[in-house]
Amino acid sequence: MTNMKGFANHPYIPNSDPAVQAEMLREIGLSSLEELHHDIPDEIQMHRPLDLPEAFDSEYALTRHVESLMARNTTCKQNLNFLGAGCWQHYVPALCDEINSRGEFLTGYGGEPYNELGRFQSLFEYASMVAELVGMDVVNVPTMDWAQAAATTARMAQRYTGRKEVIIPAIIDPDKQNIMRNYCASDVTFVSVACDAQGLLDLNDLKAKLNSNTAGVYFENPNYLGALEVNAQAISDLAHGAGALSLVGVDPITLGVVAPPADYGADIVCGDLQPLGIHMNFGGGQSGFIATRDEERFVMEFPSRLFGIAPTSKEGEYGFGDVAYDRTSFGHLREKAKEYVGTQTALWGITAGVYLATMGPRGMEEVGQTMMQNAQYAVACLNKIPGVKANALNGAFVKEFVVDFTATGKTVVEINRALLEKGIFGGKDLSGEFPALGQSALYCVTEIHTCEDLDRLAAALAQVVG
């Protein structure tokens, strides 16, 4: 279509003029845009024009239109939020945003040691602090998210052991599991192990599933439903007894009060940095990390970049740069690399480093204690409501717990809809993912919640289910 001032289609979409398109198509020997897309299966093509408004006649008009669309979002600043399940609301110190918005960090990409000294050092410091937090020695420049990190952890175990099977718990984020299975399809077969009524790995079923082809046992602590895996050491021992690796996924903000994975036998640790000073960003604040011991066999299985420190030619001076760069797909191996590594979330790594440096060990402990106290208070409040059973799994937890509403006769969908009318985001509906739990939801309580917030939630739920 032709819009204002003679522009064809949209003036701010390059090469949308039919004459320009025709000239470009002639140059590559095609007659139409449809011919250009002939390799795309018909069932996933959209056989209609994009639903775009007519072109605006000024940048101001365009800005107003986009801002009106964004204003439709319902945010956690406007509402009280109890959602978690992999993207959690924690307090973000102002210093984190101040540092990660600096131009040299915000716009930095790739780079070499001679022109990226500050960024490389920042990532080295980040890696050092995360390593201390999880009890390991080596930490990668972060990848896209926890799911990607977990998938790479499984493939690292497969390459390390030469075996093909990785055991995973039945209680795991379904989206994460799908990503892991998809990413590892060519190399790894996943075997699911049952969990008991408390959401913990069934050790008898684990023993039955372990065999000479098991590369690793992957479990999370806390797990997807918030339960702390109290048998973590036994799981690692069973894995090692079968010649397999112990692979542990963690929420790093819990490690101020929970033992680091290295203390219970983990060989490879992964998780998401999002709780460490990164805003939720509508699900876009994710950043996966991987950590191992400083052993060459482990280091050489990392597909992503690792930064180290080394002396320079000047005595007393040190520099920061890539370690074993050739093992990556960026290096000389290229298509022969262990895995392809694309864009990495280095900015979030720097942000996590700022958070950890700001908080320190004492601060991390205080955050953990505050989360546990708030969550325990929330459970006590919710359990006073007739028909509501909070911490339905009856196990140890830090910040997330299952709330069973089955006895109220209402569905989680109905409850969450009513809570939203009161300005509250209720817990994540688990009834579709885990039908055996009935009408249950996963609630997340962190250091941002006050007693008044939790009293408000309890009062609202009492009204909704009463």
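Restricting H90, H65 to residues that are part of a helix (DSSP H, G or I), in contact with a Pro (Cβ under 8 Å, 6 or more places away or on another chain) and open to solvent by less than 70 Å² (accessible area, probe 1.4 Å) narrows the list to H65.
Any idea which of V248, V269 is under 21 Å from W146 (Cβ atoms), without any contact (Cβ under 8 Å) to a residue 40 or more places away in the chain and not aromatic (F, W, Y)? Reasoning before the result, please.
On the way: V269 fails: without any contact (Cβ under 8 Å) to a residue 40 or more places away in the chain.
Within the list V248, V269, the selection yields V248.
Hey, any hits in the stretch 319-337 for a residue that's on the phi > 0 side of the Ramachandran plot, open to solvent by 20 Å² or more (accessible area, probe 1.4 Å) and charged (D, E, K, R)? Yes - at least one qualifying residue is present in the stretch 319-337.
Yes/no per residue for (1) at pLDDT 95 or above; (2) more than 19 Å from D455 (Cβ to Cβ); (3) open to solvent by less than 50 Å² (accessible area, probe 1.4 Å):
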{"site": "T408", "(1), (2), (3)": "yes, yes, yes"}
{"site": "R417", "(1), (2), (3)": "yes, yes, no"}
{"site": "L420", "(1), (2), (3)": "yes, no, no"}
{"site": "G426", "(1), (2), (3)": "yes, no, yes"}
{"site": "L430", "(1), (2), (3)": "yes, yes, yes"}
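For the criterion of being open to solvent by 20 Å² or more (accessible area, probe 1.4 Å) and touching a Ser or Thr at 6+ places or on another chain (Cβ under 9 Å), L245 fails. Cβ-Cβ contacts under 6 Å between residues 6 or more apart (or on different chains), taken from a first residue in the stretch 28-39 that is at negative phi to a second residue that is part of a loop (DSSP other than H, G, I, E, B), are listed as L36/L30.
Identify, from the list F282, F330, the residue that is under 19 Å from A149 (Cα atoms) and of a type outside the set (A, V, I, L, M).
F330
For the stretch 448-459, does any single residue satisfy the condition of being surrounded by fewer than 17 Cβ atoms within 10 Å (Cβ to Cβ), touching a Cys at 6+ places or on another chain (Cβ under 8 Å) and part of a helix (DSSP H, G or I)? Scanning the stretch 448-459, I find at least one residue that is surrounded by fewer than 17 Cβ atoms within 10 Å (Cβ to Cβ), touching a Cys at 6+ places or on another chain (Cβ under 8 Å) and part of a helix (DSSP H, G or I), so the answer is yes.
Could you count how many residues in the stretch 58-93 are of a type in the set (A, V, I, L, M) and over 25 Å from V398 (Cβ atoms)? Lay out the reasoning, then the answer.
First, pick out the residues of the stretch 58-93 that are of a type in the set (A, V, I, L, M): 61-62, 66, 69-71, 80, 83, 85, 92.
With the extra rule that they be over 25 Å from V398 (Cβ atoms), the set shrinks to 61-62, 66, 69-71.
Total satisfying the criteria: 6.
Pairs are defined by a Cβ separation below 6 Å, a sequence spacing of at least 6 or placement on different chains, a first member in the stretch 321-333 that is touching a residue at least 24 places away in the same chain (Cβ under 8 Å), and a second member that is hydroxyl-bearing (S, T, Y); the pairs so defined are S329/Y340.
The values are calculated or read from the model by the stated rules, or taken from the named source; none is laboratory data. All figures in this text were calculated on a predicted structure; none of them were measured in a lab. Neighbour counts are summed over all protein chains in view; Cβ atoms, including those assigned to glycine, are modelled from backbone coordinates with ideal geometry. To get the accessible areas, we keep the full protein, side chains included, count just its heavy atoms, and leave off ligands, DNA and RNA. Shrake-Rupley method; radii C 1.70, N 1.55, O 1.52, S 1.80 Å.
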